[in-house]
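Below is one structure, written out as structure tokens; comments come after it.
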């Protein structure tokens, strides 16, 4: 994970990195109920500084301060911020990488009523007053992403987590370039994961993180779902030729057996019902439903029309299913 360092500050002689620490404490399942700091932390150092008449508006708990000391010691001995914060991550027992956005310092200053204030003082001491006149990111011109960050961004993977234990289980796949937001979907039993990389859909065995099968679909994929049988997959497709649709695949056999038209230029999410025989899909400002059970479909057609569909009507409305007389 890549963390903002524009809020970093120096206080009590240590380098404080609020956002990298916040992410690390969440991953360690140690975050305080306030949403920052460490759960159950004590404040003896702050009490001692209060007693000495020193300012303590930036309240750091004792354990929190210890993590800052660890990072500061490494920085002063010549280590990069990336490596110094990695020591904090390790000390917190987190099995993941939390990367500062840059090793070069960036400081956020906020202008209010004609006065520029460091971000933390603006937030904590002044109470974040409005309106804001200006925001300066000092040092941003010289800052650049580290090689660690660039490698993370250009070789994305899907990371699996055991959230009750906050344990990182491992990565699935390596995606060199994602044109849109990454799409993933679990099967109902959690044993299969579907991922989208550009126009390719891949099903993965979650237990050993190996690929099961894959197929490609033309167009930008905007939604994906796996049916309870763990092999039927529905994808919503944003087609530049205005052929927006939901396609339904037997992923194991690489067979597309249904194409369901959408009217919107903004297709969205797609989902199966609990039996895997009905599909719902977002279509602009509405939700469309389709029945995939051929027996139910033909029964409803016959009841509505009181006759069988022609082959041309079948091809238009029932799509890839083999033709049969609906009222036979």
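Summary of values
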{"read-out": "Members of segment 14-38 found to be in a loop (DSSP other than H, G, I, E, B) and at pLDDT below 95, listed by number", "value": "28, 29, 30, 32, 33, 34, 35, 36, 37"}
{"read-out": "Filtered residues of segment 239-261 (kept if within 26 Å of the chain's Cα centre (by Cα) and either more than 20 Å from residue 185 (Cα to Cα) or in a strand (DSSP E or B) (or both))", "value": "239, 240, 244, 245, 246, 247, 248, 249"}
{"read-out": "Those residues of segment 50-68 which are surrounded by 15 or more Cβ atoms within 10 Å (Cβ to Cβ) and not in a loop (DSSP other than H, G, I, E, B), in sequence order", "value": "63, 64, 65, 66, 67, 68"}
{"read-out": "Which listed residue, of 8, 29, 64, 21, is in the same structural domain as residue 127 (by TED's automatic domain parsing), touching a residue at least 24 places away in the same chain (Cβ under 8 Å), over 28 Å from residue 136 (Cα atoms) and out of contact with any helix residue (DSSP H, G or I) (no Cβ under 6 Å at 6 or more places or on another chain)", "value": "29"}
{"read-out": "Scan of segment 221-238 for residues that are buried (at least 20 other Cβ atoms within 10 Å of the Cβ) and not in a strand (DSSP E or B), ordered by number", "value": "227"}
{"read-out": "Residue 218 at pLDDT below 90, surrounded by fewer than 17 Cβ atoms within 10 Å (Cβ to Cβ), on the phi > 0 side of the Ramachandran plot and not in a strand (DSSP E or B)", "value": "no"}
{"read-out": "Filter result for residue 128 (in a loop (DSSP other than H, G, I, E, B), surrounded by fewer than 17 Cβ atoms within 10 Å (Cβ to Cβ) and at pLDDT 90 or above)", "value": "yes"}
{"read-out": "Residue ID - surrounded by the most Cβ atoms within 10 Å (Cβ to Cβ), chosen from residues in segment 91-116 that are part of a loop (DSSP other than H, G, I, E, B) and free of Cβ contacts under 8 Å to residues at least 40 places away in the same chain", "value": "113"}
{"read-out": "Residue in segment 79-89 that is on the phi > 0 side of the Ramachandran plot, part of a loop (DSSP other than H, G, I, E, B) and surrounded by 15 or more Cβ atoms within 10 Å (Cβ to Cβ) present", "value": "no"}
{"read-out": "Filter result for residue 272 (within 28 Å of the chain's Cα centre (by Cα), loosely packed, with under 12 Cβ neighbours inside 10 Å and at pLDDT 75 or above)", "value": "no"}
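The values are calculated or read from the model by the stated rules, or taken from the named source; none is laboratory data. Keep in mind that what you see is a predicted model, and the values were worked out from it rather than measured. Glycine also receives a Cβ, built like all others from the backbone with ideal geometry; neighbour counts cover every protein chain displayed.
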